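The values are calculated or read from the model by the stated rules, or taken from the named source; none is laboratory data. Owing to the predicted nature of the structure, the values given are computational and were not obtained by experimental measurement. A quick note on method: Cβ atoms are made from the backbone with ideal geometry, for glycine too, and the neighbour counts reach across all protein chains shown. Ligands, DNA and RNA are excluded from the accessible area calculation, which covers all protein heavy atoms including side chains. Shrake-Rupley method; radii C 1.70, N 1.55, O 1.52, S 1.80 Å.
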Amino acid sequence: MIKKTKVKKGILVAPSMRPAIDSVHIIQPKRFDNRTVTICLLSICLGLIASYVAYSLTGLIGFFTNLFYYQRFSLTFVQPSEAPHWGLWVIILPVIGGLIVGLMARFGSSAIRGHGIPEAMEQILQNKSRIPWRMVFLKPISAAISIGSGGPFGAEGPIIATGGALGSWLGQVVHISATERKTLLAAGAAAGMAATFGSPISAVLLAVELLLFEFRPRSLVPVALASASASSVRLELIGNQPVFIMPALSPVSGYEIIFYVLMGIFMGMGALVVTRSVYFIEDCFEKLPIHWMWWPAIGGIAVGGIGFYFPKTLGVGYENIDAILSGQLAPHIVIVFCLMKFLSWVISLGSGTSGGTLAPLFMIGGGLGTLVGTFSQNMIPWLHIDLKVTALVGMASLFAGASGALLTSVIFAFETTGQQLSLLPLLVGCCVSYLVSNYFMKNTIMTEKIARRGVKVPNEYTPNFLESIPASKLCHRHLVTISVDETIEDISEKITNDTNYSHQGYPVVDKMGELIGVVTQREIMNNK
């Protein structure tokens, strides 16, 4: 006769000796445990450290800018365009900076090439979020040299990459799981962005959309705490003024929203052109018959040549974004400047030097937004389109379409300007741009490079279906057991002839029905 048992708290109970059990009590795990609290504390410390690292990188960029363009030792953040005109020597400085970066990439680490975020994504997806410790030093130094010598990049990409490297290194030192290390990497990256721009919420969203690839409290809370702690330090070091200053905006009308829908379509196509241009230039450099170490220097020739005629394209140029948003520049000047910035940036980035993408994309988007706004003022003047709003929407929507970071783009534009009335146009423009670019592009400017290497990047953050199914839903309550007194010959005969004996493993119980061990079907048949 076949014996059947039911499960209660891990003990097999024979029905003939114990009361029947109708249900199994399932203990739900805590949403937060001691390990999560530990990761949160580490993230807070990481946010504090990353904020000072970001502040130091800004000073380092200032140091190299002063050294290259002013021949002085100073950490003051200055612009290359304000330096005395040196004639053709201005063309040589970006070449020197590119040569130094190429040497650092060749003999230090090739991972310093690019704008940092794709490299961090690749380490998360392929290397269990392990970034070499040397990247904490090499990435900011190489970026500071590249930007300080006139490279048309923002500091945010290198700062995000440096913060991520710092978090990854901390996760390797304390010996935690790969998932927890990913959380610390994202926390460091978010802290770096928050410390740079004073945008804690968009920094968290950037980590979610581009690094975490999930939306879980166990990872979201540590990242948010790191971002908040970094922003707190920034308040003490810099203050609470928005990064980009622009005049107060007026409310938009319903007809204007329709206009921003159409503008989003235009910006989505612009994101397509920008992304493909970057990788077209990169492909062109790949065909050169020389080692990639020399490519940044070649890209520096274009940077210097454009900078000779348009000095404001050199360096970070955050003041140019201020000028665009505040309406200080004439529309035709903005359009020409942003076109030159685009050419300088796309050639330099395609050459594989070290630098960021957010600030250049904002400037290019601002130029496209100004172009669309100027066209609308001439063609449909009764709409009363504000060029400052079109510039802001252009900046954010181009970044949304090119990077695939939709919510980050909307909230970042709001946090860095403090313009609440811009939220609706921003949301509309960014959503439409995101939709259009994703329709025509398989990968974004952040993922194209690693996708070419065969890395599969998640594009939808869906919950794990298996996490919602408890084991009690699939388990068998009545188990076929084997008595301790039964022989192997008897059991093998039952396995051969009795359909109830179709399991891979059988619990072995004593005369009281208590579990004493488990035997598998393979073991039984091999020993009969």
**Fill in**
Restricting region 384-422 to residues that are not in a helix (DSSP H, G or I) and not polar (S, T, N, Q), the one surrounded by the fewest Cβ atoms within 10 Å (Cβ to Cβ) turns out to be H384
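Does T374 qualify as being within 23 Å of V252 (Cβ to Cβ), buried (at least 24 other Cβ atoms within 10 Å of the Cβ) and polar (S, T, N, Q)? Can you show your working first?
Values: within 23 Å of V252 (Cβ to Cβ): yes; buried (at least 24 other Cβ atoms within 10 Å of the Cβ): no; polar (S, T, N, Q): yes.
Against the criterion (within 23 Å of V252 (Cβ to Cβ), buried (at least 24 other Cβ atoms within 10 Å of the Cβ) and polar (S, T, N, Q)), T374 does not qualify.
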**Message:** Report every pair of residues separated by at least 6 positions or lying on different chains whose Cβ atoms are under 6 Å apart, first residue within region 491-513 and open to solvent by 50 Å² or more (accessible area, probe 1.4 Å), second part of a helix (DSSP H, G or I) and of a type outside the set (F, W, Y).
**Reply:** Q504/Q521
**Those residues of region 75-109 which are within 26 Å of V136 (Cα to Cα), open to solvent by 30 Å² or more (accessible area, probe 1.4 Å), modelled with pLDDT under 90 and not aliphatic (A, V, I, L, M), in sequence order** = T76, F77, G108
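Out of curiosity, is G517 in a helix (DSSP H, G or I), modelled with pLDDT of 80 or more and open to solvent by less than 50 Å² (accessible area, probe 1.4 Å)?
Here the answer is no, as G517 does not meet what is asked.
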**Request:** Could you list, in sequence order, all residues of region 169-206 that are among the small types (G, A, S), more than 14 Å from the chain's Cα centre (by Cα) and open to solvent by less than 20 Å² (accessible area, probe 1.4 Å)?
**Result:** G171, A195, S199
**Complete:** Being of a type in the set (G, A, S), in contact (Cβ under 8 Å) with a residue 40 or more places away in the chain, more than 23 Å from Y69 (Cα to Cα) and in contact with an Asp or Glu (Cβ under 9 Å, 6 or more places away or on another chain) narrows G171, G188, G163, G167 down to just G171
**Prompt:** Right, G151: part of a loop (DSSP other than H, G, I, E, B) and among the small types (G, A, S) or not?
**Reply:** yes
**Filter result (in contact with a Lys or Arg (Cβ under 9 Å, 6 or more places away or on another chain), open to solvent by 30 Å² or more (accessible area, probe 1.4 Å) and part of a helix (DSSP H, G or I)) within region 207-256** = P217, R218
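Quick check on my filter: what residues within region 37-52 are farther than 16 Å from Q172 by Cβ and in contact with a Pro (Cβ under 7 Å, 6 or more places away or on another chain)?
Of region 37-52, the ones farther than 16 Å from Q172 by Cβ are 37, 40-41, 44, 47-48, 50-52.
Scanning region 37-52 gives a single hit, C40.
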**Request:** Could you list, in sequence order, all residues of region 117-143 that are more than 13 Å from the chain's Cα centre (by Cα) and not in a helix (DSSP H, G or I)?
**Result:** N127, K128, R130, I131, P132, W133, R134
